[in-house]
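Below: one structure, written as structure tokens.
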Amino acid sequence: MNTSDDVPIACSNCFSDRGLRLDAERIGREELSGACPNCGATGFKKLPAPGVGALAHRFFVWGSMQRMRYGAAPLIQFNKHQQTSIDVAPWLAADVKLIERLLGVGFFLYEPRLWMIGEVEPLKDLQRTTKRQAIVDRVLSEYPERMLSPDESFYRVRISPSTPSDPRQYDSPPPASAGRGRLDSVRTPMLYASPDLEVCVHECRVRAEDDVFVATLAATKPLRLLDVSILLKEEGVSEFESLDMAVYMLFLAGKHSYKITRAIAEAARDAGFDGLVYPSYFSLLRIGQMPFQTTYGISHRRIPQYQDYEEAKAIPNLVLFGRPVSSGAVSVSCINRLILSRVGYEFHFGPTGA
């Protein structure tokens, strides 16, 4: 028996904007019989009310997401309590009116809560050299230790190593290349790796013409790692005071954050850890998720029923201090040439402005 949430109210043919139309094709359902109740067309993907809502969120909210130095926020939101007050391009105007009518909503410029754009006190302190160490000390004391056992395999990708079959080629980079990554420094060489091979390939910026090799690695003894990839469950603090939010934003930020992440790595090494587990910068692209999702302005990382799902969004990378292959802490069990056979892109659309 169909419920109102199952009954189509539109189809992909109803939309004029090419991006909305293509997104409606991806979201909509195949229904071979029956005309669209809105436009009367047949043979197009149908959308019930929840599908139109998902389409509007995907296009206008996620599609207007703007990244800041730390954090991100959408420029547009919609709900049933406001009338439309945004300017839209001529080719989008009819579609906005259609969605307004179908869902009874209005589109408006979103004023994000300031934590979404980096107004997080521990994050602000990390950016101040005089206050950084106190927050780094908190990271070392509040995030858990994780043991990397010898039965866990992980990968290291190299582009055009001079001797591909030599295990030493898959150790930490030579001194001339030190200090370029998110966590390594001239003083501390580090081996970057991941249990997720696709993330390794992406982070190495592999191109079609590259000669690529991958080593399968394993620890030869249990290694102590500081795990900053987890969702830190905090009590009695808001997003503005959250260490979890600060670290999450830090590892989603660009190169301007590297001095801070290197300070965390140096402190972990000085504290006797063998390395770090940290979230890949490409985690959200790997799983196709919107960053910094909220409900009524509250981060999903702060809502208990969403926390396991939020934590699963982080694809873990590993960094091991020193030269663990040369020292014998890590063994190379296998080396293969890696052949790129196919590359695909998944994408969706958004408005050109607000």
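With the chain treated as a Gaussian network of Cα nodes joined by springs under 10 Å, which of PRO161, PRO291, PRO189 yields the largest mean-square fluctuation?
The residue that fluctuates most here is PRO161.
Taking the Cα centre of the chain as the origin and placing charges on Cβ (Lys, Arg +1; Asp, Glu -1), which of ILE76, PHE321, PRO48 is farthest toward the positive end of the dipole?
So the residue furthest toward the plus end is PHE321.
Mind giving me the FRET efficiency for ARG29 and GLU346? R0 is 30 Å, r the Cβ-Cβ distance, nearest 0.05 is fine. Working shown, then result.
Details: r = 19 Å, r/R0 = 0.64.
Calculated value: 0.95.
Given a 10 angstrom Cα cut-off, can you work out which residue in ALA246, ALA193, ALA218 is the most mobile in a GNM of the chain?
ALA218
Looking at the P(r) of the chain, how many percent of alpha-carbon pairs lie beyond 30 Å?
Numbers: 30433 of 62481 pairs.
More than 30 Å apart: 49 percent of the Cα pairs in the chain.
Looking only at region 117-338, where both bridge partners belong to it, what percent of the DSSP beta bridges are antiparallel (to the nearest 5)? Can you show the working numbers first?
Details: 31 of 34 bridges.
Beta bridges within region 117-338, antiparallel portion: roughly 90 percent.
Springs between alpha-carbon pairs under 10 angstrom, Gaussian network model over the chain: which of ILE339, ILE287, ILE260 fluctuates most?
The residue with the greatest mean-square fluctuation here is ILE339.
Which of rounded, prolate, oblate describes region 297-344, given a ≥ b ≥ c as roots of the alpha-carbon gyration tensor eigenvalues and a/c under 1.5 marking rounded, otherwise prolate only if a/b is larger than b/c? Display every interim value, and only then the final one.
Values: a/c = 4.19, a/b = 1.71, b/c = 2.45.
The shape class here is oblate.
Any chance you could give the angle, 0 to 90 degrees and rounded to 10, that helix 18-27 forms with the longest Cα principal axis of the chain?
For helix 18-27, the angle is close to 80 degrees.
Using 0.36 nm per residue of separation minus the Cα-Cα distance, give me the extension gain between ASP211 and THR295 in nm, one decimal.
On the way: separation 84, 0.36 × 84 = 30.24 nm, distance 4.56 nm.
25.7 nm is the gain from fully extending ASP211 to THR295.
Taking a ≥ b ≥ c as the square roots of the eigenvalues of the Cα gyration tensor of region 129-175, is the shape rounded (a/c under 1.5), prolate (a/b larger than b/c) or oblate?
Taking the square roots of the gyration eigenvalues as a ≥ b ≥ c, region 129-175 is oblate.
Report D for region 129-287 in µm² per second (integer): Stokes-Einstein, Kirkwood Rh on Cα pairs, 37 °C, 0.692 mPa s. It would help to have the intermediate numbers written out before the result.
On the way: Rh = 17.0 Å.
For these conditions, the coefficient is 193 µm²/s.
Among the chymotrypsin sites (Phe, Trp or Tyr not before Pro) in region 126-214, which ones are in a DSSP loop with at most 14 other Cβ atoms within 10 Å of the Cβ? Mind listing them? Walk me through the numbers before you get to the answer.
Numbers: sites: PHE154, TYR155, TYR170, TYR192, PHE213; in loops: none.
Of the chymotrypsin sites (Phe, Trp or Tyr not before Pro), not one in the loops of region 126-214 has a Cβ with at most 14 other Cβ atoms within 10 Å.
Name the long-range amide H neighbours of SER280: under 5 Å, sequence gap of 5 or more, or other chain; modelled H, no Pro or chain starts.
ILE315, ASN317
Over the chain, what is the mean sequence separation of C-alpha contacts under 8 Å (at least six apart), divided by residue count, expressed as relative contact order in percent?
Details: 640 pairs, mean separation 73.1, N = 354.
It rounds to 21 percent for the chain.
Loop only per DSSP, at most 14 neighbouring Cβ atoms within 10 Å: give me the trypsin sites (Lys or Arg not before Pro) in region 14-91, ordered by residue number.
Values: sites: ARG18, ARG21, ARG26, ARG29, LYS45, LYS46, ARG58, ARG67, ARG69, LYS80; in loops: LYS45, ARG69, LYS80.
Hits after loop and neighbour filter: ARG69, LYS80.
What do you get for the angle between helix 90-103 and the principal long axis of the chain? Use alpha-carbon atoms, 0 to 90 degrees, nearest ten.
Relative to the chain, helix 90-103 is tipped by roughly 80 degrees.
Taking only Cα atoms, what is the 0 to 90° angle, nearest 10, from helix 258-270's long axis to the longest principal axis of the chain?
40
Can you pull the semi-axes for region 235-354, root of five times each eigenvalue of the Cα gyration tensor, sorted largest first, whole Å? Could you put the intermediate results ahead of the total?
Values: eigenvalues 185, 113, 38 Å².
Working through the eigenvalues yields semi-axes of 30, 24, 14 Å.
Label region 84-169 by shape, choosing from rounded, prolate and oblate, from the square roots a ≥ b ≥ c of the eigenvalues of the Cα gyration tensor; if a/c is under 1.5 it is rounded, and otherwise prolate applies when a/b is larger than b/c, oblate when it is not. Don't jump to the answer; show the numbers that get you there.
Numbers: a/c = 3.05, a/b = 1.67, b/c = 1.82.
Since a/c reaches 1.5 but b/c is at least a/b, the shape of region 84-169 is classed as oblate.
Tell me, how many Å apart are the Cα centres for region 25-71 and for region 82-128?
Between the Cα centres of region 25-71 and region 82-128 lies a distance of 18 Å.
Quick one: go through region 97-128 and flag any residue whose amide nitrogen is under 16 Å from the point 7 Å out along the Cα-to-Cβ line of SER4.
101-105
Name the trypsin sites (Lys or Arg not before Pro) in region 98-134 that are in a loop by DSSP and that have at most 11 other C-beta atoms within 10 Å, would you?
Working: sites: ARG101, ARG113, LYS124, ARG128, LYS131, ARG132; in loops: ARG113, ARG128, LYS131.
Sparse-neighbourhood loop trypsin sites (Lys or Arg not before Pro): ARG128.
Values in this text are rule-based calculations from the coordinates and carry no lab data. Not measured: the values here are computed from a predicted model. We place every Cβ from the backbone using ideal geometry, glycine too, and count neighbours over all the protein chains shown.
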